[in-house]
Amino acid sequence: MSVRFVTRFLATIVSLTFVAASSMAADPKPIKIGLLYSLSGMAAVYTKGTVIGHQIAAEEINAAGGLLGGRKIEYVIRDDKLKPGIAVEEFRRMVTRDQVDFVMGVISSGVALAVSEVAKEMKVLFVDTIAQTAALTEEQGHDFVVRLNTNTGVMGRTAGLAAAKGPWKSYYFIGPDYEYGHRMNADFWDYLKTKKSDVTKLGELWPKLGERDFSAHITAILNAKPEAVFSSLWGGDLIAFIKQANAYGFFDKVQFISTGGGDLDILEPLGSEMPNGILATFAYAFDYLPVKKEQNEKFIAEFKKRAGYLPKSGDIFGYVSTYVMADAIKKAGSTDSAKVGNALRGSKYETLLGDITVRDFDGQATFAYNIGFTFGDPKYPFKRLKDVTRANGEDVLPSKEQVEKIRADAKKKGG
């Protein structure tokens, strides 16, 4: 073998090694995050915007240099079809086949509880971004689940604070017949009774999720003659109820208190059909909140460019939760589920929605929540909110001792 050939061969090897090393340095392993949402069916109108929120945040983080020495965020997106069984299957596939580092989602409380159990089994972090049942971080809480949004306790108690200020003493309840509806109504009622001891419940109705004919429910409520009605109906169910109830003069006869009724996904479709004077909760509003104004306006502009409409509450939580996770990954110095979960818990974060803490004992974030009265604003073709009551998460969430008691009681019942 000639000296010239050996020299060329070695030079080629060195060159290829340099190229490979340069390529690896320029393109480090991505941070793979699973996004699990109901992207088809009745929930799609909410979740597709949430995914856009996630994507905007990831692109901003990646453009700023990524995480952990230049690693970029990459999403694996799956549809759980609003079914717990499918959600569990997709979670397992994302972890075993797609090799995601952790999973974020979902919208259904029932789905969230099912996914949480498989997350605990597989020891892979599940970050809840929309589903609201407090049971997720209370009765069924564990080391591999955190919630980066509000919950039924925060929502129900915020509504309870506002209701306690009013003159209403007799209540009727209506909500969807699954985990979210039952837990939301219970969280509201249990808290209201601590603030106002002379309230009474006249009855309750549990229409199935996806109900569209509420005529029998409306007449039953009006026949009972309550002073106030507390509703945990959401989405198309709430829109259908309000439209049909308008024909009965329903809102002139009772004070309607609606969880989520102040969010844009309800206000925009209803337009002028949304009555004035409804006491409605909301997590985020483009024109109201003590948010970081410049960042908020930038997010709104980018979101509108991509989606064609103003961002809703779920959309902003997709954006905000991604940034919180990025900060936790930096703090952990790793994408390992256990390490990231430990970094999340007990830490404080600056977010577009205000400063929050992810509590160390239950993994629940302390986002604030809001409730106000609907009114007609000539600047918009849909109703806005006034006389807003804002509740900080720290003030309405149960204490560590209360959470421990809740878990102990649930364990006894389960045994």
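Read the figures in this text as sums done on the coordinates, not as results from a lab. From a predicted model like this one, the values you see are computed outputs, not experimental measurements. Cβ coordinates were reconstructed from backbone atoms using ideal geometry, including for glycine residues, and neighbour counts include every protein chain displayed.
General remarks:
- Helix 293-307 axis versus longest C-alpha principal axis of the chain: approximately 80°, rounded to the nearest ten.
- Straight-line cross-link partners of Lys32 among the lysines, defined as a Cα under 21 Å from its Cα and at least 8 positions apart when in the same chain: Lys48, Lys72, Lys120, Lys123, Lys330, Lys331, Lys339.
- With the convex hull of the Cα atoms taken as the outline of the range 185-340, the averaged projected area works out to 12.9 nm².
- Relative compactness, the range 337-391, computed as alpha-carbon Rg over 2.2 N^0.38 Å: 1.68
- Antiparallel %, DSSP beta bridges [both residues in the chain], to 5: 35 percent
- Gyration tensor over alpha-carbon atoms, the range 91-237, equivalent ellipsoid semi-axes in Å: 34, 18, 10
- Going from the fewest other Cβ atoms within 10 Å to the most, the residues Ser116, Ser170 appear in the order Ser170, Ser116.
- The range 296-360: relative contact order in percent, alpha carbon pairs under 8 Å with at least 6 residues between: 21 percent
- Distance from the Cα centroid of the range 164-218 to that of the range 75-140 is 28 Å (rounded to whole angstrom).
- Förster-model FRET efficiency, 56 Å R0, Lys339 and Asp377, C-beta, rounded to 0.05: 0.75
- Charged neighbours of Leu36, selected by a Cβ distance under 12 Å, balance to -1 (K, R count +1; D, E count -1).
- Hydrodynamic radius by Kirkwood, which averages 1/r over all alpha carbon pairs of the chain, in angstrom: 22.6 Å
- Taking only Cα atoms of the range 272-407, radius of gyration then Dmax in Å: 17.4, 51
- The range 51-113, relative contact order in percent, only Cα pairs under 8 angstrom and at least six apart counted: 22 percent
- Within the chain, helix-based [θ] at 222 nm, where runs of 4 or more DSSP H residues each add -39,500 (n - 2.57), nearest 500: -15000 deg cm²/dmol
- Rel. contact order, % - alpha carbon contacts under 8 angstrom, at least six apart, the chain: 17 percent
- Gaussian network model of the chain, springs between alpha carbon atoms under 10 Å - residue of Leu125, Leu233, Leu270 with greatest fluctuation: Leu270
- Order of Ser108, Ser40, Ser347 under a 10 Å beta carbon neighbour criterion, fewest first: Ser40, Ser347, Ser108
- Inter-label distance for Ala301 and Glu117, nm, one decimal - labels placed 7 Å from Cα along Cα-to-Cβ: 4.8 nm
- Contour excess over end-to-end distance, with Cα ends at Arg92 and Lys243 and 0.36 nm allotted per residue: 50.3 nm
- Residue among Pro290, Pro176, Pro398 with the largest mean-square fluctuation in a Gaussian network model of the chain, springs linking Cα atoms under 10 Å: Pro290
- Taking other Cβ atoms within 10 Å as a rough exposure proxy, Asp187, Asp327, Asp198, Asp409 sort from fewest to most as Asp198, Asp409, Asp327, Asp187.
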